[in-house]
Structures are given as C-alpha cells and as structure tokens.
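What follows is one structure encoded as structure tokens, with my remarks underneath.
Coordinate-derived values only; no laboratory data. Note that the coordinates shown come from a computational prediction; the quantities given were computed from them, not determined experimentally.
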Amino acid sequence: MREPDMFEPMICYLKKSGYTILQVNRGVQRGPDILAEKNKRKFVIQMKGDSAAIKTDWDTGLGQLLDMMDYEDADYAIAVSESYGRLVESFPSYPKNRLRLTFFIVKDYGVVERV
C-alpha cells in the first residue's frame, strides 16, 4: 500500500478509537504525518508506505520519530504498510521497547495495532 493511500484508514481508525485529529501532514511539511489527541494526550504518528527501500525507509521513519520526541505528554507510533511486517515483528515488545512505541500495520481492510 502506498503511503498516500494509508492516511484515510489510519485517520478513520484513530477517530473510531476516540482521537481528535489535530494535524495531517502528507509529507509536504516537517513534523508528524498525523498528530492526534485523546484525553489531552497527543499521539504523534509517522507513516511509511511501500517502497523499493523498505529497510532504509523503516530506519528513516524511526529516526523521524526520535527527532519529534520533544512533545510533552505524547505517545509515539509508526504506521506502515504490510511490506514492513517482518520489521515490526522483529522490533522488541515492551518492556524491551523502552521507547514505548506503538506500531500500526495499515492493510486494505483496516489497521492492526501492535504495542
């Protein structure tokens, strides 16, 4: 799934989960691709879609999230297409995932969350 096609399923998933969408950045500006909020806590999400360089884009997405970790009272996530499934599965689960990142896999039929 291409990154532009991932935004609507991800936004729908967040809204159904009770989030308010504060900002959507489809790659034109610096900052999170999606910034949402629930119970006064921000949720910063970086998106990565299908690519010829999956591992490089994965590393880039994680680096972009690290650069944005200056938001106070925020949670962070990366939302990826199914092509990244192996990389998501190889990332340590909490408590080894000390950054407490959430991962979303955006599929044609919806969004799968992995904490």
Count the lysine pairs in the chain whose Cα atoms lie under 22 Å apart, taking only pairs 8 or more positions apart in sequence or on different chains. 13
How much length would be gained if the chain were fully extended between residue 29 and residue 109, taking 0.36 nm per residue of separation minus their Cα-Cα distance, in nm to one decimal? 26.0 nm
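Working out 0.36 nm times the residue gap between residue 59 and residue 90, then minus their Cα-Cα distance, what length gain in nm do you get to one decimal?
On the way: separation 31, 0.36 × 31 = 11.16 nm, distance 1.32 nm.
Extending this stretch completely gives an extra 9.8 nm.
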Pick from 52, 77, 36 the residue whose mean-square fluctuation is largest in a GNM of the chain, springs joining Cα atoms under 10 Å. 52
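Could you tell me the convex hull volume per residue, in Å³, taken over the Cα atoms of the chain? Can you show the working numbers first?
Values: hull volume 11.5 nm³, N = 115.
Once divided by residue count, the hull of the chain is 100 Å³.
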